[in-house]
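Input: one structure, supplied below.
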Amino acid sequence: PAAFDFCVTSPLNSLILSEAGVSSGVAAQASEIRKHNSNDAKCVELGWVCIPLVVETYGAWGQEAVKTFAQLASRLAIACSKPKSVVINEIYGRLNTCLMRSISSAILTRIVPS
């Protein structure tokens, strides 16, 4: 079994800003490492594999998420008799829609009515 740990992170974080300005995906990679450090021991204890699924606020997905979605798309493509490219586009499309809705909701809850 796998434990998916979704996370949204920002490359504008002051701790990685200088690195993020030079290389894409630095914030996602840092979050993946942080998630492994905090979750791996408990997941091993439970017989699970920790898989951080990290996306940056500008849309870049972490390497582990990309790999996981590709594996998932391969299996779904066979099960649904669809091309893998169609399935992977559906996965990212649905996730992006969910993320946009969640972000919009978070923003709206912070707006103070006048």
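The values are calculated or read from the model by the stated rules, or taken from the named source; none is laboratory data. From a predicted model like this one, the values you see are computed outputs, not experimental measurements. A quick note on method: Cβ atoms are made from the backbone with ideal geometry, for glycine too, and the neighbour counts reach across all protein chains shown. Protein only, heavy atoms only, side chains kept; ligands, DNA and RNA dropped before computing areas. Shrake-Rupley method; radii C 1.70, N 1.55, O 1.52, S 1.80 Å.
To the nearest 10 square angstrom, how much accessible area does residue 57 have with a 1.4 angstrom probe?
80
Another question about this same structure. How much length would be gained if the chain were fully extended between residue 39 and residue 98, taking 0.36 nm per residue of separation minus their Cα-Cα distance, in nm to one decimal?
18.8 nm
Checking the a/c ratio against 1.5 first, then a/b against b/c, what shape does the Cα gyration tensor give for the range 27-71?
Judged from the Cα gyration tensor, the range 27-71 comes out oblate (a/c at least 1.5, b/c at or above a/b).
Looking at the chain only, what percent of DSSP beta bridges run antiparallel? Nearest 5 please.
So the antiparallel bridges amount to about 10 percent of the total.
Can you return the lysines within cross-link range of residue 35? Criterion is Cα-Cα under 17 Å, with same-chain partners fewer than 8 residues away left out.
Cross-link targets: 67.
Can I ask one more? Accessible area per residue, 1.4 Å probe, Å², for the chain: what's the number?
69
So what are the ³J(HN,Hα) numbers for the range 52-60, from phi and the Karplus equation (6.51, -1.76, 1.60; θ = phi - 60°), rounded to whole Hz, Gly and Pro as x?
x, 10, 10, 10, 8, 4, 8, x, 6
Add -39500 (n - 2.57) for each DSSP H run of 4 or more in the chain, then divide by its residues: what number comes out at 222 nm, to the nearest 500 deg cm²/dmol?
Roughly -20500 deg cm²/dmol at 222 nm, from the helical runs in the chain.
Of 37, 53, 27, which is farthest on the positive side of the dipole of the range 19-85, counting Cα position, with +1 on Lys and Arg Cβ, -1 on Asp and Glu Cβ, and the Cα centre as origin?
53
Within the chain, which is the longest segment that contains none of the chymotrypsin sites (Phe, Trp or Tyr not before Pro) sitting in a DSSP loop with at most 16 other Cβ atoms within 10 Å? Intermediate results must be reported in sequence, preceding the final value.
On the way: sites that count: 48, 58.
Longest site-free region, per DSSP loop and neighbour criteria: 59-114.
Sticking with this structure for a sec: I'm checking a number: the convex hull volume of the Cα atoms of the range 51-114, normalised per residue, in Å³. What is it?
Dividing the Cα hull volume of the range 51-114 by its residues yields 100 Å³.
Mind sorting out which of (1) 9.7; (2) 9.2; (3) 7.4 is the real mean projected area of the Cα convex hull in nm² computed from the coordinates?
Among (1) 9.7; (2) 9.2; (3) 7.4, the one derived from this structure is (1).
Using a 1.4 angstrom probe on the protein heavy atoms only, line up 86, 55 by accessible area, largest first.
86, 55
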